[in-house]
1. Report the charge-dipole magnitude of segment 15-267 in Debye, nearest 20, computed about the Cα centre from +1 at each Lys and Arg Cβ and -1 at each Asp and Glu Cβ.
2. Considering the dipole of the chain built from charges on the beta carbon (Lys and Arg +1, Asp and Glu -1) around the Cα centre, which of Ala232, Thr217, Pro185 is farthest to its positive end?
3. How many percent of the accessible area of segment 11-137 is carbon or sulfur, using a 1.4 Å probe?
4. Order these peptides, 110-122, 214-226, 172-184, 7-19, by their mean beta-carbon neighbour count within 10 angstrom, highest first.
5. Taking a probe of 1.4 Å, how large is the accessible area per residue of segment 1-100, in Å²?
6. So what's segment 136-271 giving for Rg/Rh, alpha carbon basis, Kirkwood Rh from the mean inverse pair distance?
7. Taking 0.36 nm per residue of sequence separation and subtracting the Cα-Cα distance, how much length would be gained by fully extending the chain between Arg52 and Ala255, in nm to one decimal?
8. Could you please state how large a percent of the accessible area of segment 204-263 is carbon and sulfur, counting protein chains only and using a 1.4 Å probe?
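The values are calculated or read from the model by the stated rules, or taken from the named source; none is laboratory data. Because the structure is predicted, anything quoted here is derived from the model rather than measured. All Cβ positions, glycine included, derive from the backbone under ideal geometry; neighbour counts span all protein chains shown. Note: areas computed on protein heavy atoms with side chains; ligands, DNA, RNA excluded. Shrake-Rupley method; radii C 1.70, N 1.55, O 1.52, S 1.80 Å.
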Amino acid sequence: MRPRPDAEFDVTLTDEQLAHYREQGYLSIDRITSDEEVEWLREVYDHLFSNRVGEEEGAYFDLGGRRAHGGKEVLPQVLGPERVFPELRETSHFRNARRLSAALMELPLDDVNGGGHMILKPAGYGGATPWHQDEAYWSPAMLHAGLSVWLPLDPATLDSGCLHFIPKSHLSEDVLEHRHIDDDPLVHGLVTDHVDASQAVACPIDAGGATFHHCRTLHYAAPNTTNRERRAYITVFSAQPTKREAPAARPWIDAEAEALAKLESLARPQS
Ligand SMILES: O=C(O)CCC(=O)C(=O)O
């Protein structure tokens, strides 16, 4: 693999962009890093997916299919790529994403930390990422202030799976009710039925651009029907969460934990 390009690429946001994010719950920008860095990120990305890095520990799996199924993966995902390639935290992309996230959340930079995951929509059959709020995946015991920065490494179009957002949905009082894809708690991916999709705004962007969305903003990406894969690197930035007075009810999280525990006990040798 070639060395990481070290030329700095700095991005700032205008007052209009900051206001747009705060009012609408999402923002799209043309560039967050250089073409050269995108090239390097593609090499890292392809290495992680083609070697299924982290599969044994559960850091590589199909977000849209049952755990450890042996079929075609519709939404393969790698969690925590920065553990394997710590240089990912040194990139212009990561530095811009963290700094801009702090500005969007109106937080001091030192209070904001984050990490990433990568989602691949394979050419021709990459599945939909159904409507959801990211916070639906997070601990119900905590109050979260966070956002995601979505960086496509290929052109993200309506046909390849760009993100769509419901404006102002970040203002929802709490996380909406979610369920697992196919109503199967062994599928990690979540979906909510509480969406008026006619309000959606699609945000097609080129490789090296980025979209930002609040952890309660409803978002979706269509299946990839093109003959080119759609690679995306998502970094999530947040302040330290604070404890809720009482945990929120998130039955879908409990259902997944129970289903996984049951699966594990079945796999254990019986004495
Ligand atoms: O890349 C995708 O298809 C979906 C990404 C997503 O849901 C997210 O960034 O929260």
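1. Here the size comes out at about 100 debye.
2. Among Ala232, Thr217, Pro185, the one farthest towards the positive end of the dipole of the chain is Pro185.
3. Details: 2730 of 5570 Å².
Carbon and sulfur: 49 percent of the exposed surface of segment 11-137.
4. Details: 110-122: 19.1, 214-226: 22.5, 172-184: 15.8, 7-19: 12.0.
The most tightly packed comes first, giving 214-226, 110-122, 172-184, 7-19.
5. Per-residue accessible area for segment 1-100 comes out at 52 Å².
6. 1.02
7. Once the chain is fully extended between Arg52 and Ala255, it gains 70.4 nm.
8. The nonpolar share, carbon plus sulfur, comes to 55 percent.
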